[in-house]
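Read through the structure below, which is laid out as structure tokens, and then see the notes.
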Amino acid sequence: MSQTTLSDVVPLRVETLTKIFRQGNTAVEALRNVSLTIHHGEFVAVMGASGSGKSTLLHVLAGLTRPNAGRVIVDGQDLATMSDYQLTCFRRRHIGLVFQAFNLIPTLTALDNVLLPILADGRLSSAHRENVLHGLLTRLGLEERSRHLPDALSGGEQQRIAIARSIVGDPSIILADEPTGSLDSVTGQSICRLLRELCNEQRRTIVVVTHEPAVAVWAERIIVLKDGQVLSEFRTSECPDAHLLAAHYQDIVTAASTNEVPA
Ligand code: ADP
Ligand code: MG
């Protein structure tokens, strides 16, 4: 009989997801009937225009937002079965989050920012601290910067610290919302390369939300959202550079608008 290993468990699966935001009398359907599966060690980019539901999808995957309907299964577990407290603990161990604005705590050093999830989980020992400093931060080229406050670091260094923080608890999944959105293009590419390495070397599953073809091209698969729905998906092997990818993406979006029935 074959044994089930962790790598057999699909890290992310959502089924018929709907998320509605209500404000007064208006309701915005941010996600409509979204179903998708992301496999172990896959690097997926979610693209779409502003307001298409990309961040909402990421927040639902992370259990930061609960959907109105549908299921979210992370590392084999249905998030709907968890209380908010259980969800917080689960998230710390399974999901690393990276944001456009880095979201570092300004009064903590770079090292303490990285250690925060372990501290919050009550797992921090001095050996752990040394391991993070000489292991993870050295790996990311940040050992020399460990005692600086975020303000004293460049944008690229701050995002590397945020990525270090996202993986310090050894999650299998990294979810990144426009991780290069506040960086110049060269620094942005170095962040993409780092995410790619974390996928290749450590078999982490990565989902990056972006509207930039130069970022999406680092992924294996692109999921295109429009008005809260999955419009299309394709593999980057079909268009292996950013210009080809941009053209293909534009074709998909244009075809969808051409086919729309005018209201
Ligand atoms: P994207 O990240 O693709 O720009 P979002 O997921 O942020 O899109 O938003 C999708 C839609 O949901 C937008 O119309 C947005 O205004 C709406 N929305 C997102 N978050 C909220 C919220 N907390 N309250 C009300 N509406 C929201
Ligand atoms: Mg967004």
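The values are calculated or read from the model by the stated rules, or taken from the named source; none is laboratory data. Note that the structure is a prediction, hence the values are computed from the model and not measured. With ideal geometry, Cβ positions are generated from the backbone for all residues, glycine too; neighbour counts draw on all protein chains shown.
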- Item | For Val98: the one exception among (1) modelled with pLDDT of 90 or more; (2) touching a Gly at 6+ places or on another chain (Cβ under 9 Å) | (2)
- Note on the structure: When restricted to His148, His134, the only residue without any contact (Cβ under 8 Å) to a residue 24 or more places away in the chain, closer than 25 Å to Gly122 by Cα, in contact with a helix residue (DSSP H, G or I) (Cβ under 8 Å, 6 or more places away or on another chain) and of a type outside the set (S, T, N, Q) is His134
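Could you check the stretch 182-263 for helices (runs of 4 or more DSSP H) lying wholly inside it with 1 or more residues that are away from ligand 1 (no atom under 16 Å from the Cβ), polar (S, T, N, Q) and surrounded by fewer than 21 Cβ atoms within 10 Å (Cβ to Cβ)? Before the answer, list the steps.
Values: elements: 185-202, 213-216, 242-259.
By residue number, 185-202, 242-259.
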- Item | Test result for Asp251, within 16 Å of ligand 2 (Cβ to nearest atom) and either on the phi < 0 side of the Ramachandran plot or touching a strand residue (DSSP E or B) at 6+ places or on another chain (Cβ under 9 Å) (or both) | no
- Task: From (1) crowded, with 20+ Cβ neighbours inside 10 Å; (2) within 16 Å of ligand 2 (Cβ to nearest atom), pick out the condition that doesn't hold for Ile173.
- Result: (2)
- Message: Given the options Thr56, Thr18, Thr107, name the one that is more than 20 Å from the chain's Cα centre (by Cα), at pLDDT 95 or above and either among the basic types (Lys, Arg) or at negative phi (or both).
- Response: Thr107
- Note on the structure: Of the conditions (1) more than 15 Å from ligand 1 (Cβ to nearest atom); (2) more than 17 Å from Arg91 (Cβ to Cβ), the single one that Asp78 does not satisfy is (2)
- Task: Starting from the stretch 51-74, keep only residues that are under 11 Å from Val209 (Cβ atoms), then list their pairs with residues that are within 15 Å of ligand 1 (Cβ to nearest atom) and of a type in the set (D, E, K, R) whose Cβ atoms are within a distance under 7 Å, requiring at least 6 positions of separation or different chains.
- Result: Ser52/Lys226; Ser52/Asp227; Ser55/Asp177; Thr56/Lys19; Leu58/Asp177
- Query: Is it the case that Ala176 is farther than 24 Å from Val28 by Cα, among the small types (Gly, Ala, Ser) and not in a loop (DSSP other than H, G, I, E, B)?
  - Reply: no
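Among the residues of the stretch 167-181, what is the count of those that are away from ligand 1 (no atom under 16 Å from the Cβ) and of a type in the set (A, V, I, L, M)? Outline the logic, then answer.
Of all residues in the stretch 167-181, those away from ligand 1 (no atom under 16 Å from the Cβ) come to 167-174.
After this cut, where a residue has to be of a type in the set (A, V, I, L, M) as well, the list is 167-168, 173-174.
Number satisfying all stated conditions: 4.
Each row is one residue, and each column tells you yes or no for (1) in a loop (DSSP other than H, G, I, E, B); (2) within 16 Å of ligand 2 (Cβ to nearest atom).
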site: Arg32; (1), (2): no, no
site: Leu57; (1), (2): no, yes
site: Thr65; (1), (2): yes, yes
site: Ile73; (1), (2): no, no
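Is at least one residue of the stretch 82-95 aliphatic (A, V, I, L, M), within 15 Å of ligand 2 (Cβ to nearest atom) and surrounded by fewer than 18 Cβ atoms within 10 Å (Cβ to Cβ)? Spell out how you get there, then give the answer.
Keep residues of the stretch 82-95 that are aliphatic (A, V, I, L, M), which gives 82, 87, 95.
Next cut, within 15 Å of ligand 2 (Cβ to nearest atom) only: none.
Scanning the stretch 82-95, I find no residue that is aliphatic (A, V, I, L, M), within 15 Å of ligand 2 (Cβ to nearest atom) and surrounded by fewer than 18 Cβ atoms within 10 Å (Cβ to Cβ), so the answer is no.
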- Subset of the stretch 91-130 (residues that are of a type outside the set (Asp, Glu), out of contact with any His (no Cβ under 8 Å at 6 or more places or on another chain), without any contact (Cβ under 8 Å) to a residue 60 or more places away in the chain and assigned to a helix (DSSP H, G or I)): Arg91, Leu111, Asn113, Val114, Leu116, Pro117, Leu119, Ala120, Ser126, Ala127, His128, Arg129
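So if I check each of Ala219, Ala242, which one is free of Cβ contacts under 8 Å to residues at least 60 places away in the same chain, under 19 Å from Ala49 (Cα atoms) and of a type in the set (Gly, Ala, Ser)? Quick ask: steps written out before the conclusion?
Values: Ala219 fails: free of Cβ contacts under 8 Å to residues at least 60 places away in the same chain.
Among Ala219, Ala242, only Ala242 is free of Cβ contacts under 8 Å to residues at least 60 places away in the same chain, under 19 Å from Ala49 (Cα atoms) and of a type in the set (Gly, Ala, Ser).
Would you mind stating whether Ile163 is assigned to a helix (DSSP H, G or I), touching a strand residue (DSSP E or B) at 6+ places or on another chain (Cβ under 7 Å) and β-branched (Val, Ile, Thr)?
Numbers: assigned to a helix (DSSP H, G or I): yes; touching a strand residue (DSSP E or B) at 6+ places or on another chain (Cβ under 7 Å): yes; β-branched (Val, Ile, Thr): yes.
For Ile163, the condition - assigned to a helix (DSSP H, G or I), touching a strand residue (DSSP E or B) at 6+ places or on another chain (Cβ under 7 Å) and β-branched (Val, Ile, Thr) - is met.
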- Item | Which numbered condition Thr88 fails, given (1) part of a helix (DSSP H, G or I); (2) within 16 Å of ligand 1 (Cβ to nearest atom); (3) among the β-branched types (Val, Ile, Thr) | (2)
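Pick from the stretch 35-51 the residues that are outside any strand (DSSP E or B) and within 16 Å of ligand 2 (Cβ to nearest atom): which of them is surrounded by the fewest Cβ atoms within 10 Å (Cβ to Cβ)? Outline the logic, then answer.
Start the filter on the stretch 35-51 by keeping residues that are outside any strand (DSSP E or B), which leaves 39-42, 48-51.
Among the residues that remain, those that are also within 16 Å of ligand 2 (Cβ to nearest atom) are: 48-51.
Numbers: Gly48: 23, Ala49: 13, Ser50: 7, Gly51: 14.
Across the stretch 35-51, the extreme among qualifying residues is Ser50.
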